[in-house]
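The values are calculated or read from the model by the stated rules, or taken from the named source; none is laboratory data. Keep in mind that what you see is a predicted model, and the values were worked out from it rather than measured. In this analysis, Cβ positions are derived from the backbone assuming ideal geometry, glycine residues included, and neighbour counts consider all displayed protein chains.
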Amino acid sequence: MRKKILVVAATGHEISGFIKKWNSFIQIDQFLYNLSSLHLNVDVLITSVGMVATAYRLSCVLQKNTYDFVINAGICGSYIPSLKPGTVVHVSEDCFAELGIEGKDVINPLFIKDNEEKIKVEAFVRNAYEIPLKTIQVLPRVKGATVNTVTTSENRKKSIIAQYGAATESMEGAAFLYVCNAFGLPYAQIRSVSNYAGCPEDKTWHFETASQNLCHALQNTLDEIDNLF
């Protein structure tokens with residue numbers, strides 16, 4: 001029986017190289033596509049940019065379909081020099097960096113855990129699933145920060161690093177983790193660094209390199225799933 005995989009991306013441009021390699025490409029609806037091979041049945045969900053769109057469209061798809069594994073693939077910004085543009089990472093923890101109570105130079109995190117009477121402060125949403133895939137395990141494992149606005153100032157970057165210890169920045173990651181945890185599905189978030197967060201210059205972005213490396217890592221992961229099962 002073919003394994004059914006869901007690949008989630010904010011934009012098709014980020015994973016265009018991956019999509020082009022598949023022979024069969026069927027559009028199911030405005031946001032969902034199917035890419036079938038001999039052994040794998042892969043749906044691709046293009047959510048649009050941002051936490052709200054990701055949470056809503058991913059929830060809608062998971063309510064109607066059953067998947068064996070879900071992969072969030074996208075680009076990200078890097079907060080630290082060691083994660084250079086083109087580096088592909090496994091984001092195993094993520095946070096809603098702007099969710100909380102505004103304090104002096106910081107946002108104090110406030111996170112409500114489901115099914116608990118008391119409010120518990122917890123900054124990070126964590127992947128509760130131990131991923132048995134070597135293609136994921138070999139990637140640098142990092143903490144991410146999810147934001148509504150791309151960080152272009154050094155002060156904001158330093159604040160996020162100091163408060164959360166995050167290494168990468170995206171606009172969807174924490175929402176993806178939250179929804180997958182809620183549905184109890186095994187998943188992974190892989191991202192490729194396109195730029196250094198805190199730099200306002202668009203010319204410092206390396207989108208094509210990031211996208212190419214991301215697509216390569218994504219295909220390798222699907223190949224391993226194919227061989228594993």
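Check off (1) modelled with pLDDT of 95 or more; (2) within 17 Å of Ser170 (Cα to Cα); (3) of a type in the set (A, V, I, L, M, F, W, C); (4) in a strand (DSSP E or B) for Cys95 and give me the number that stays unchecked.
Result: Cys95 fails condition (1) only.
Restricting attention to segment 186-217, which residues are farther than 19 Å from Thr135 by Cα, buried (at least 16 other Cβ atoms within 10 Å of the Cβ) and either of a type in the set (A, V, I, L, M, F, W, C) or in contact with a Phe, Trp or Tyr (Cβ under 9 Å, 6 or more places away or on another chain) (or both)?
Within segment 186-217, Ser194, Asn195, Tyr196, Ala197, Gly198, Cys199, Trp205 meet the criteria.
For Ile101, work out the one condition from (1) touching a Phe, Trp or Tyr at 6+ places or on another chain (Cβ under 9 Å); (2) farther than 17 Å from Thr135 by Cα; (3) among the β-branched types (Val, Ile, Thr) it doesn't fulfil.
Of (1) touching a Phe, Trp or Tyr at 6+ places or on another chain (Cβ under 9 Å); (2) farther than 17 Å from Thr135 by Cα; (3) among the β-branched types (Val, Ile, Thr), only one is false for Ile101: (1).
For segment 38-52, how many residues are without any contact (Cβ under 8 Å) to a residue 60 or more places away in the chain and either of a type in the set (A, V, I, L, M, F, W, C) or more than 30 Å from Leu99 (Cα to Cα) (or both)?
Within segment 38-52, residues that are without any contact (Cβ under 8 Å) to a residue 60 or more places away in the chain and either of a type in the set (A, V, I, L, M, F, W, C) or more than 30 Å from Leu99 (Cα to Cα) (or both) number 6.
Considering only residues that are assigned to a helix (DSSP H, G or I) and touching a strand residue (DSSP E or B) at 6+ places or on another chain (Cβ under 9 Å), look in segment 186-207 and name the one that is nearest to Gly173 (Cα to Cα).
Out of the qualifying residues, it is Phe207.
Given the criterion on the phi < 0 side of the Ramachandran plot, surrounded by 20 or more Cβ atoms within 10 Å (Cβ to Cβ) and assigned to a helix (DSSP H, G or I), identify the matching residue among Ala175, Ala166.
Ala175
All but one of (1) among the aromatic types (Phe, Trp, Tyr); (2) in contact with a Gly (Cβ under 9 Å, 6 or more places away or on another chain); (3) more than 17 Å from Thr151 (Cβ to Cβ) hold for Phe183, so report the exception by its number.
Failed condition: (2).
In segment 1-11, what residues are under 17 Å from Leu222 (Cβ atoms) and in contact (Cβ under 8 Å) with a residue 12 or more places away in the chain?
Arg2, Lys3, Lys4, Ile5, Leu6, Val7, Val8, Ala9 - these are the residues of segment 1-11 that are under 17 Å from Leu222 (Cβ atoms) and in contact (Cβ under 8 Å) with a residue 12 or more places away in the chain.
With more than 19 Å from Gly17 (Cβ to Cβ) and surrounded by fewer than 22 Cβ atoms within 10 Å (Cβ to Cβ) as the only criterion, which of Asp43, Asp68 stands out?
Only one candidate qualifies: Asp68.
Could you check, for segment 19-34, whether at least one of its residues is more than 20 Å from Asn65 (Cα to Cα), crowded, with 16+ Cβ neighbours inside 10 Å and not hydroxyl-bearing (Ser, Thr, Tyr)?
Yes: one or more hits.
Please enumerate the residues belonging to segment 55-78 that are assigned to a helix (DSSP H, G or I) and in contact (Cβ under 8 Å) with a residue 60 or more places away in the chain.
Ala55, Leu58, Ser59, Leu62 - these are the residues of segment 55-78 that are assigned to a helix (DSSP H, G or I) and in contact (Cβ under 8 Å) with a residue 60 or more places away in the chain.
What number of residues in segment 1-54 are assigned to a strand (DSSP E or B) and over 20 Å from Glu169 (Cβ atoms)?
Result for segment 1-54: 19.
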